[in-house]
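Student: There's a structure below that I have some questions on.
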Amino acid sequence: MGAGRSTTGRRGRPYRASAGPADLPAHQHRVGWLLRVNRLYGPSERWLRSADFAEAFQGGCWPEHTSVYQVSRWETAAVRAPYLAIRRYEELLDLPSHHLVALVDTIHRYAASTENVLPALARAPDRIAGSERLDALVDRAVSSTGLLTGAEWDELTRRLAAAPEVVITPHRAWADIAERLLSETLVADGIAWMQRYEALSRLLAHPVGQRAAVAACTSLASDRTNQVFVETVSVLDASDHPDANRYVLQQLVHPTNERAQYGALLASVRKLRLGHFTDAEMPRLVAIIQELTFDSTRRDDIQPLAAELLRRLPDTISAASRARLRALAADPTLDQVLRAGRLADREASRRLVARLAGAVVASMPRDVPHFRDGVLPVLLDETLFSPVFDVRLLAAITVSGTPYRRPLAAVLAAELAGPAVLGASVAPAMIEALRVLGGAEQRTVIERLITASGVPARITVASAQAIGHVGGRSEDRFWKQAITYHAGLWRDTRRPASSAALNGLTYGLGMARNRAVLRRLRADDRMPEQVRAAATWWLNLSKVVYEGANR
């Protein structure tokens, strides 16, 4: 689907770009699909019959009688399923508490306007009302010892969102809350990450708290000793505050490093869609996007993303730039991005997606009569072929919240076992998807690719960057072998790929909380300086952040 025409508001008013392929109001439908697929393919075959499911629905956290008709309306997104209904799905389907809630919040948040501070999934009234509970949560959030779970961060920011004029004393507490929440978000994973990312998005939109939240992001992204730049900058897409817009533009033109610049490009995707940039800011934005689109010397993922942003701004492209764009047609990836907003030819990718989806459905524990899943192929297509990382990530996260997760991870790992796929342009996206979908079984595949000889450098780097998120744990023997292998290559050749692999491995050690190996890395003066600095950053994280982030 191509982009529509851009529109420009009055002088000084926000500029709203045309919608891209992933900007459709499909999020409501995907929430309904999430409920339906979990019911149909969940642990109990009993729930195949929606009548049985509806009959059992009353109970637990759901006090009301529910009809088959009501279940159907939730699962087809004819009406939004309320918070307690989604919690009841979790109870009946034996899912972890807030498993579906966190997914639904994440799906809604990316589609929502940044004017919406409260979650789209409205919560039931809090059991403990009044300011005393809010005060207690604030006290723990600003404490150097008090731990907060993901559910408590959800509650704290929800209470703050419901009281936009709330006064917190001392005023410095806003900054303390924002800095700690950002720090925990950067080192969290899974449901804990989704809960904190949603909480941080609320704070970035809060009429009082947004200044402190934006300042926390900009301060950390300007700190060259920081180790997580992409997310620190890209999360500013959740704020329409002028300071957030200015900083995103600053990181595009004068970035702290290429990771921060990539994060600014990602933030620009949503900011353009939501109309954050003003007419006065647009010429500067367009100029740098054009420059990055034509610059092939930067990291591999910057040029396609810049090209996608340029594609979404068709009315801003000069005649001279159009002539230069025609020269990019020689690159098949950039040609597809500029033509169709995709990383690969639609027909070829359609065949791959159909094969993968067929293999996944064939692996499911039961056949479901009269159910043909049209959403799974769409999500697979976005996971593998969207030029926007956030769209790929959100699609993979959505699938990860269903029983399709394990079969799809196995199918992708099997694909990566073939040398033909490893040489294909889609391979890095498959590895990237395993960051979200992969379990312990797929971790061994990623470990092998990190130290395999003869594979493209982009495969090595993608695998090293993924190891910190794939399920399971790696033995110290693997970490030592992989670090020794790439450190040796770096000392012999100074190859950028070996340095990038070492950075990815250090990040993986940090996410694994493997402090012993991190300490050895920090002390090894044969390592690249940035690797030792990264190990130092992880080891210097406060205990309350590092140990509390995955609660």
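Student: Scan region 21-42 and tell me whether some residue there is modelled with pLDDT under 95, assigned to a strand (DSSP E or B) and within 22 Å of residue 277 (Cβ to Cβ).
Tutor: Checked against the condition, which is being modelled with pLDDT under 95, assigned to a strand (DSSP E or B) and within 22 Å of residue 277 (Cβ to Cβ), region 21-42 yields no hits at all.
Student: For region 407-445, which residues satisfy the criterion of being among the polar types (S, T, N, Q), in contact with a helix residue (DSSP H, G or I) (Cβ under 8 Å, 6 or more places away or on another chain) and under 21 Å from residue 478 (Cβ atoms)?
Tutor: Of everything in region 407-445, just one residue is among the polar types (S, T, N, Q), in contact with a helix residue (DSSP H, G or I) (Cβ under 8 Å, 6 or more places away or on another chain) and under 21 Å from residue 478 (Cβ atoms), namely 442.
Student: Can you tell me which residue within region 316-372, out of those that are free of Cβ contacts under 8 Å to residues at least 40 places away in the same chain, among the charged types (D, E, K, R) and part of a loop (DSSP other than H, G, I, E, B), is most open to solvent (accessible area, probe 1.4 Å)?
Tutor: 372
Student: When you look at residue 64, is it at pLDDT 95 or above and either open to solvent by 30 Å² or more (accessible area, probe 1.4 Å) or acidic (Asp, Glu) (or both), yes or no?
Tutor: It is false that residue 64 is at pLDDT 95 or above and either open to solvent by 30 Å² or more (accessible area, probe 1.4 Å) or acidic (Asp, Glu) (or both).
Student: Could you tell me whether region 100-119 includes any residue that is at pLDDT 90 or above and open to solvent by 40 Å² or more (accessible area, probe 1.4 Å)?
Tutor: no
Student: What's the total number of residues in region 159-189 that are of a type outside the set (Asp, Glu), under 23 Å from residue 472 (Cα atoms) and assigned to a helix (DSSP H, G or I)?
Tutor: 3
Student: With a cut-off of at least 1 residues that are over 30 Å from residue 197 (Cα atoms) and either open to solvent by less than 20 Å² (accessible area, probe 1.4 Å) or touching a Ser or Thr at 6+ places or on another chain (Cβ under 9 Å) (or both), name the helices (runs of 4 or more DSSP H) lying wholly within region 475-551.
Tutor: Output list reads 476-493, 496-511.
Student: Next up: Inspect region 294-315 for any residue being more than 26 Å from residue 113 (Cα to Cα) and open to solvent by less than 20 Å² (accessible area, probe 1.4 Å) and give the result as yes or no.
Tutor: Within region 294-315, not a single residue is more than 26 Å from residue 113 (Cα to Cα) and open to solvent by less than 20 Å² (accessible area, probe 1.4 Å).
Student: Among 368, 421, which is the only one that is among the β-branched types (Val, Ile, Thr) and over 30 Å from residue 46 (Cβ atoms)?
Tutor: 421
Student: Just to be sure I understand the filter: pairs with C-beta atoms under 6 Å, separated by 6 or more residues or on different chains, first member in region 86-102 and of a type in the set (Asp, Glu), second member part of a loop (DSSP other than H, G, I, E, B). Which pairs pass?
Tutor: Qualifying pairs under 6 Å: 91/60; 94/43.
Student: Another question, then. Return only the number of the condition from (1) open to solvent by less than 20 Å² (accessible area, probe 1.4 Å); (2) without any contact (Cβ under 8 Å) to a residue 40 or more places away in the chain; (3) within 25 Å of residue 42 (Cα to Cα); (4) of a type in the set (Gly, Ala, Ser) that residue 414 does not satisfy.
Tutor: Just one mismatch for residue 414, condition (1).
Student: On to the next question. Within region 440-461, count every residue that is at negative phi, open to solvent by 20 Å² or more (accessible area, probe 1.4 Å) and not charged (D, E, K, R).
Tutor: Final tally of qualifying residues: 10.
Student: Next up: Out of everything in region 148-190 that is of a type in the set (Ser, Thr, Tyr) and out of contact with any Leu (no Cβ under 8 Å at 6 or more places or on another chain), what residue ends up being modelled with the highest pLDDT?
Tutor: Only one residue fits best here, namely 149.
Student: Can you tell me which condition residue 432 does not meet? The list is (1) over 15 Å from the mean Cα position of the chain (by Cα); (2) open to solvent by 40 Å² or more (accessible area, probe 1.4 Å); (3) modelled with pLDDT of 95 or more, and all the others hold.
Tutor: (1)
Student: Which of the residues that make up region 134-158 are under 25 Å from residue 189 (Cβ atoms) and assigned to a helix (DSSP H, G or I)?
Tutor: 137, 140, 141, 150, 151, 152, 153, 154, 155, 156, 157, 158
Student: Could you look through region 153-183, keep only residues that are more than 15 Å from the chain's Cα centre (by Cα) and within 20 Å of residue 537 (Cα to Cα), and pick out the one that is most open to solvent (accessible area, probe 1.4 Å)?
Tutor: 179
Student: Go over the candidates 106, 114 one by one and state the one that is within 22 Å of the chain's Cα centre (by Cα), assigned to a helix (DSSP H, G or I) and of a type in the set (Val, Ile, Thr).
Tutor: 106
Student: In addition: Which of the residues spanning region 393-430 are in a helix (DSSP H, G or I) and among the small types (Gly, Ala, Ser)?
Tutor: Of everything in region 393-430, those that are in a helix (DSSP H, G or I) and among the small types (Gly, Ala, Ser) turn out to be 395, 396, 400, 409, 410, 413, 414, 420, 427, 429.
Student: Follow-up question, since we're still on this one. Going by the structure shown, is residue 123 part of a helix (DSSP H, G or I), open to solvent by less than 50 Å² (accessible area, probe 1.4 Å) and either in contact (Cβ under 8 Å) with a residue 40 or more places away in the chain or closer than 27 Å to residue 187 by Cβ (or both)?
Tutor: It is false that residue 123 is part of a helix (DSSP H, G or I), open to solvent by less than 50 Å² (accessible area, probe 1.4 Å) and either in contact (Cβ under 8 Å) with a residue 40 or more places away in the chain or closer than 27 Å to residue 187 by Cβ (or both).
Student: Are any residues in region 373-393 open to solvent by 30 Å² or more (accessible area, probe 1.4 Å) and either within 17 Å of residue 340 (Cα to Cα) or among the aliphatic types (A, V, I, L, M) (or both), and if so, which ones?
Tutor: Selection gives 378, 381, 389, 393.
The values are calculated or read from the model by the stated rules, or taken from the named source; none is laboratory data. None of these values were measured; they are calculated from a predicted model. So basically every Cβ, Gly included, is an ideal-geometry build from the backbone, and we count neighbours across all protein chains shown. Remember, those area values only see protein heavy atoms, side chains included, never the ligands or the DNA or RNA. Shrake-Rupley method; radii C 1.70, N 1.55, O 1.52, S 1.80 Å.
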